[in-house]
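K.L.:
Got a structure for you, written out below as C-alpha cells; questions coming shortly.
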C-alpha cells in the first residue's frame with residue numbers, strides 16, 4: 001500500500017460522519033520538506049473546525065506510525081471554489097449552480113447543473129441563435145467525457 005493510500009485510510013477513519021468526504025490527498029516530495037495536502041468537503045459545506053480536528057488526528061497518527069522519515073508540512077482544507085469537481089458527490093452538492101465544463105476533446109460548455117446520474121450530469125445550456133434570440137437546451141454529459149468542471153462564481 002502506498003503512503004497516499006495509507007493516509008487516505010487514516011483520514012477516512014477520522015471524518016466526523018458520513019456527510020464528510022475526501023476530495024483529494026496529495027503527498028508531494030521534492031526539495032524541502034515533504035507536503036501532505038488533504039482536501040475535504042461535506043454535503044452541506046465544510047467547517048474550519050472540522051479541518052482542524054482532522055489535521056490534529058491525522059498528524060498524530062502519521063507521527064505515531066512514523067509514515068514520513070523527515071519533518072513534513074500537513075495542510076487540511078476545503079478544495080476552494082476554483083478547484084475542479086472530481087466526484088459525483090461534489091456534482092450532487094452543486095446542483096443549481098453554474099459550471100464551466102471542459103471536455104476531453106477540448107470543447108467547453110457552460111450552464112446550470114440540473115442533475116446528476118450515476119454516469120452523467122445534466123446541464124441547462126444557453127444557445128445563441130441568429131439575431132438576438134437565446135434558447136436554453138438541456139444537455140446530458142457523460143462523466144467520462146469531462147476533463148474538468150469548475151463552479152462559476154457570480155458576484156451579481
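Every number here is computed from the coordinates shown, using simple stated rules; none is lab data. Values in this document were obtained by computation on a predicted structure and should not be read as measured data. Neighbour counts are summed over all protein chains in view; Cβ atoms, including those assigned to glycine, are modelled from backbone coordinates with ideal geometry.
K.L.:
Select one label from [x] 1.02; [y] 2.58; [z] 1.27: the one whose number is Cα Rg over 2.2 N^0.38 Å as derived from the coordinates shown.
P.N.:
[z]
K.L.:
Stokes-Einstein D for the stretch 3-77 at 10 °C, 1.306 mPa s, Kirkwood Rh over Cα pairs, in µm²/s?
P.N.:
Diffusion coefficient, whole number: 127 µm²/s.
K.L.:
Further question on the same structure: Rounded to the nearest 5, what % of DSSP beta bridges with both residues in the chain are antiparallel? Don't jump to the answer; show the numbers that get you there.
P.N.:
Details: 31 of 36 bridges.
Antiparallel: roughly 85 percent of the beta bridges in the chain.
K.L.:
While we're on this one: What distance in nm lies between label points placed 7 Å from Cα along the C-beta direction at residue 69 and residue 2?
P.N.:
About 1.9 nm separates the two model spin labels.
K.L.:
Taking every DSSP beta bridge that has both residues in the stretch 3-77, what percent is antiparallel when rounded to the nearest 5? Please report the intermediate quantities before stating the final value.
P.N.:
Details: 8 of 13 bridges.
Expressed as a percentage, antiparallel bridges in the stretch 3-77 total about 60.
K.L.:
GNM on the chain, C-alpha springs below 10 Å: top fluctuator among 97, 107, 88?
P.N.:
So, out of 97, 107, 88, the one fluctuating most is 107.
K.L.:
How far is helix 48-64 tilted off the main Cα axis of the chain, in degrees rounded to 10, range 0 to 90?
P.N.:
Tilt of helix 48-64: around 40 degrees.
K.L.:
Ok, one more. Using Cα pairs under 8 angstrom and six or more residues apart, how large is the relative contact order of the stretch 71-151, in percent? Show your work: numbers first, answer last.
P.N.:
Working: 137 pairs, mean separation 26.1, N = 81.
Computed over the stretch 71-151, the figure is 32 percent.
K.L.:
Follow-up question, since we're still on this one. Please give the Cα centre distance for the stretch 120-143 versus the stretch 1-64, rounded to the nearest Å.
P.N.:
Measuring centre to centre over Cα atoms gives 38 Å.
K.L.:
Using the beta-carbon distance between residue 83 and residue 145 and R0 = 25 Å, what value does 1/(1 + (r/R0)^6) give for FRET efficiency, to the nearest 0.05? Spell out each step's value before the answer.
P.N.:
Values: r = 20 Å, r/R0 = 0.80.
Once the sixth-power term is evaluated, E becomes 0.80.
K.L.:
With contacts defined as alpha carbon pairs under 8 Å and 6 or more residues apart, what's the relative contact order of the chain in percent? Walk me through the numbers on the way to the answer.
P.N.:
Details: 259 pairs, mean separation 27.6, N = 156.
Dividing the mean separation by the residue count of the chain yields 18 percent.
K.L.:
Then there's this: To the nearest 10 degrees, how steep is helix 3-14 against the longest Cα principal axis of the chain, on a 0 to 90 scale?
P.N.:
90 degrees
K.L.:
Provide, for q = 0.21, 0.25, 0.26 Å⁻¹, the log10 of I(q)/I(0) from a solvent-free Debye sum over equal Cα point scatterers in the stretch 77-151.
P.N.:
Log10 I(q)/I(0), no solvent term: -0.90, -1.20, -1.27.
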